[in-house]
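S.K.: Here's a structure for you.
Please treat every number below as a calculation from the coordinates, not as lab data. Note that the structure is predicted; figures quoted are calculated from it, not measured. Note: ideal-geometry Cβ built from the backbone for every residue, glycine included; neighbour counts use all protein chains shown.
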Amino acid sequence: MFAMKARLFLLVFAVAAILPAASLRELADAHGILIGAAVNPALLADQAYADTLARDFNLVVAENVMKFGPTRPARDRYEFTAADQLVDFAQSHNMKVRGHNFVWHQQMPRWLTSGTFSSAEVAGILQDQMRAMLSHFKGKVFAWDVVNEAVDPDPPHGLRKTFWLDKLGPDYLDKAFRWAREADPDVKLFYNDYDADGMNAKSDAVYNLVRGLKARGVPIDGVGLQMHVTLQSAPTAEHLAANIRRLAALGLDVHITEMDVRLATPAKPEDLVVQGKVYGTIVATCALTPGCKVVLTWGVNDAHSWIPGFHKGFGDALLFDAQSQPKPARTAIEVALKLIP
Ligand code: XIL
């Protein structure tokens, strides 16, 4: 079974060998989608890292430096230096910037989580955060994850119990999106979550959540599908397309926001080939399904991926290896974008 699949897929690499090489960003552009990567601005000093980014990607997102904790060291102090460095790099390489994020239960400042603020104070602090970020990055960041990972990963996939739910109440998503829209009438506002990429109970819950937001007139423009997957858990093209289509039918854009395909390490050569198949399938499905506008990978190369630190025994999840050399996954995306109409 695997042998046959692998042989079929090797055809893809044979095709790659005979077609002229092209950058992923040019190919994505030709299909009307953006291809991006999550960036740690401290690594831009690494020439191989920066060259890879500028060559193959036309979009960046901050892996960490635009989150609440890093941008708000104290209630009355904001820190944008690293984020500005990323925006400068993007602008000088003609890349767009995606913003991540305002409301999340992780990487929050300790002064906030261990403070004794009233609900009204927390509401004010969040509004200040969104106003400060949206005005500082106005016109530079085209879309923001307003709320991240609010759906409980456990059935029945209600709202996750978080600081935000606790302080602001069950309509906190409505509030957050409305406050964001008040602060910037133009930027695109997204809900972002994981394990809700294909068709499953959690993606049903995300769908119902955003359908409710739309029904109440809450200003949401899109849904981010994180796409942190394994070879086994990756959605099929059919299930991904079906999920994109139902979100698009609500009038929402879809961004694949944090893709990585983690492998058991050390990775077997055949797993790297199957990983390429997953990347090629997901990117092609995005390019072919109206409503899907963006694919981002969560990192540039395997040397700096979050995966080994957060999923023990896994790694090798990105398009470039630890030396920034292209992997079969990068080739597979190139070929997929060349072959689809
Ligand atoms: C991760 C970063 O990659 C790590 O460097 C950091 O320590 C923790 O957060 N979902 C998200 C991202 O929305 O913000 C997370 O990023 C990965 C999971």
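S.K.: Looking only at the stretch 228-246, filter to residues that are outside any helix (DSSP H, G or I) and surrounded by 20 or more Cβ atoms within 10 Å (Cβ to Cβ); which one of those is nearest to the ligand (Cβ to nearest atom)? First the steps, then the outcome.
M.R.: To start, the set of residues in the stretch 228-246 that are outside any helix (DSSP H, G or I) comprises 228-236.
Narrowing the set further to residues that are surrounded by 20 or more Cβ atoms within 10 Å (Cβ to Cβ) leaves 228-229, 234-235.
On the way: 228: 6, 229: 12, 234: 16, 235: 17 Å.
Top of the filtered list is 228.
S.K.: Give me the residue from the stretch 194-211 that is free of Cβ contacts under 8 Å to residues at least 40 places away in the same chain and in a helix (DSSP H, G or I) and, out of that set, farthest from residue 233 (Cα to Cα).
M.R.: So, considering only residues that are free of Cβ contacts under 8 Å to residues at least 40 places away in the same chain and in a helix (DSSP H, G or I), the one farthest from residue 233 (Cα to Cα) is 211.
S.K.: Can you find, within the stretch 56-80, the residue that is nearest to residue 306 (Cα to Cα) among those that are in contact with a strand residue (DSSP E or B) (Cβ under 8 Å, 6 or more places away or on another chain) and more than 13 Å from the ligand (Cβ to nearest atom)? Spell out how you get there, then give the answer.
M.R.: Here is the first cut: in the stretch 56-80, the ones in contact with a strand residue (DSSP E or B) (Cβ under 8 Å, 6 or more places away or on another chain) are 56-63, 66-68.
Still in the list and also more than 13 Å from the ligand (Cβ to nearest atom): 56-60.
Working: 56: 21, 57: 19, 58: 22, 59: 19, 60: 16 Å.
Restricting to residues being in contact with a strand residue (DSSP E or B) (Cβ under 8 Å, 6 or more places away or on another chain) and more than 13 Å from the ligand (Cβ to nearest atom), the top hit is 60.
S.K.: I need the full set of residues from the stretch 260-274 which are of a type in the set (D, E, K, R) and crowded, with 20+ Cβ neighbours inside 10 Å, in order please. It would help to see each step written out before you state the result.
M.R.: We begin by selecting, within the stretch 260-274, every residue of a type in the set (D, E, K, R); these are 260, 262, 268, 270-271.
Matches in the stretch 260-274: 260, 262.
S.K.: I'd like the full set of residues that are closer than 25 Å to residue 62 by Cβ, surrounded by fewer than 15 Cβ atoms within 10 Å (Cβ to Cβ) and charged (D, E, K, R), limited to the stretch 125-168.
M.R.: Within the stretch 125-168, 138 is the sole residue that qualifies.
S.K.: May I ask you to list the residues in the stretch 164-201 that are more than 19 Å from residue 220 (Cα to Cα) and within 16 Å of the ligand (Cβ to nearest atom)?
M.R.: 195
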